[in-house]
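The values are calculated or read from the model by the stated rules, or taken from the named source; none is laboratory data. This structure is a prediction, so every number in the text was calculated from the model and none was measured. As a convention, Cβ positions derive from the backbone with ideal geometry for all residues, glycine included, and neighbour counts pool all protein chains shown.
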Amino acid sequence: MSFLYPLVLVAAVLVTGAAIYGYVTLQRRRSAALSAAGFGTLAGGGVRRHLPYALLLAALPVMLIGLARPQAEVSVPRVSGTVLLAFDISNSMTAADVSPSRISAAQTAAAGFVEEQPDTVDVGVLVFGDQALLTQAPTADHAAAVAAIERVKASGGTSLGQAILVGLGTITGKPVALPEEGGAAPDLGYWPSATIVVFSDGEETGGPDVEAAAELAAAAGVRIQTVGVGTAQGGTVEVDGFQLGTALDESLLTAIAQVTGGTYHEAGDANTLADTTKSIDLRLTTEKEPLELTAPFAAAALLLLTLGGFLSTRWHGRIV
């Protein structure tokens with residue numbers, strides 16, 4: 001327990017000590033006067049005589065402690081931390097097997113997801129094709145995150161591994177790369193309040209090993225949630241004048257999520273995808289927050305005063 005005004009505690013000790021000393025002195029003088037007058041049997045008194053005054057005296061330090069503004073730290077559960085939204089912007093995301101297109105559906109769902117997050121969650125946005133780029137650093141300004149989502153445009157190939165590495169770099173604040181063969185994995189620390197949410201069709205075209213990158217995330221305590229954008233039946237996209245077939249690869253997206261303790265979320269059209277993001281599991285953390293205890297101390301002092309006054313009136317016909 002801490003106190004906002006600790007000097008009041010010194011005053012509480014002095015004032016309470018003075019009040020007790022005054023009461024004891026007064027009772028001794030009273031007893032001496034009664035004995036001198038021949039009423040020695042009335043001098044000592046008993047519980048009825050002293051209890052009301054003891055209660056009134058006890059209220060004094062309790063009230064003064066309340067004036068010192070006592071505070072205690074309590075653990076408050078809350079959804080907090082960092083959520084990094086990773087958007088696949090490869091050419092395959094222009095396919096229309098999800099209406100109006102995979103990338104548009106992902107944007108709609110992600111924007112809705114951001115708007116539902118509490119202020120305690122910082123949201124960042126990165127985009128990835130052949131390479132990955134952070135377009136909005138994690139921020140409590142959710143409008144800025146939504147604006148970054150709305151700027152997403154499709155082009156290039158797909159490197160899920162690169163997306164995860166850049167995401168980890170954003171979370172840890174330092175560049176992250178896979179170790180060379182036989183080398184030790186980098187120590188990234190432990191970041192259990194961070195989550196990466198990947199929106200992709202799962203069609204990997206190259207780059208760092210995606211499952212190795214997911215294992216790095218798992219070792220750092222970062223959970224990856226994956227949202228599949230597309231359908232198993234797939235669709236076609238036009239790239240450099242050629243028509244290319246593309247379909248959702250759920251197996252890869254599921255494997256990435258499972259390595260980190262996350263979950264793969266299925267999605268069909270824009271509405272279904274928006275509903276899917278509502279089920280994404282953010283981490284519940286606890287934070288220490290000061291809880292002021294002035295009110296309980298004031299209530300206790302009032303109770304003691306009331307009880308002392310009641311007993312004094314009932315037993316002695318007066319409050320003091």
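Just a few scattered comments:
- Of the candidates VAL146, VAL123, VAL114, VAL152, the single residue that is buried (at least 24 other Cβ atoms within 10 Å of the Cβ) and β-branched (Val, Ile, Thr) is VAL123.
- Within the range 183-194, the set of residues being not acidic (Asp, Glu) and not in a strand (DSSP E or B) comprises GLY183, ALA184, ALA185, PRO186, LEU188, GLY189, TYR190, TRP191, PRO192, SER193.
- The residue list SER99, SER80, SER104, SER92 contains one member that is touching a residue at least 24 places away in the same chain (Cβ under 8 Å), surrounded by 21 or more Cβ atoms within 10 Å (Cβ to Cβ) and either among the small types (Gly, Ala, Ser) or at positive phi (or both), which is SER92.
- There is no residue in the range 75-88 that is in the same structural domain as GLY228 (by TED's automatic domain parsing), within 17 Å of GLY157 (Cβ to Cβ), over 17 Å from the mean Cα position of the chain (by Cα) and in a loop (DSSP other than H, G, I, E, B).
- PHE242, sole failed condition from (1) farther than 18 Å from VAL123 by Cα; (2) touching a Ser or Thr at 6+ places or on another chain (Cβ under 9 Å): (2)
- Verdict on VAL198 being in contact with a helix residue (DSSP H, G or I) (Cβ under 7 Å, 6 or more places away or on another chain), among the aliphatic types (A, V, I, L, M) and surrounded by fewer than 24 Cβ atoms within 10 Å (Cβ to Cβ): no
- Within the span defined as the range 195-202, one or more residues are part of a strand (DSSP E or B), among the aromatic types (Phe, Trp, Tyr) and modelled with pLDDT of 90 or more.
- Taking the range 159-182 as the range and being in contact with a helix residue (DSSP H, G or I) (Cβ under 7 Å, 6 or more places away or on another chain) and either within 13 Å of ASP88 (Cα to Cα) or assigned to a strand (DSSP E or B) (or both) as the test, the residues that pass are LEU160, GLY161, ILE164.
- Among the residues of the range 111-158, those identified as without any contact (Cβ under 8 Å) to a residue 12 or more places away in the chain and not in a loop (DSSP other than H, G, I, E, B) are ALA143, ALA144, ALA147.
- Cβ pairs under 9 Å, 6+ apart, first in the range 16-35 and assigned by TED's automatic domain parsing to the domain that holds LEU67, second surrounded by 11 or more Cβ atoms within 10 Å (Cβ to Cβ) and among the basic types (Lys, Arg): GLN27/ARG49
- Residues being modelled with pLDDT under 90 and either polar (S, T, N, Q) or more than 24 Å from SER155 (Cβ to Cβ) (or both) - total across the range 203-224: 1
- Filter result (farther than 27 Å from ASP122 by Cα and loosely packed, with under 12 Cβ neighbours inside 10 Å) within the range 169-195: PRO179, GLU180, GLU181, GLY182, GLY183, ALA184
- Scanning the range 206-225 for residues that are buried (at least 16 other Cβ atoms within 10 Å of the Cβ) and over 15 Å from ALA185 (Cβ atoms) yields GLY207, VAL210, ARG223, ILE224, GLN225.
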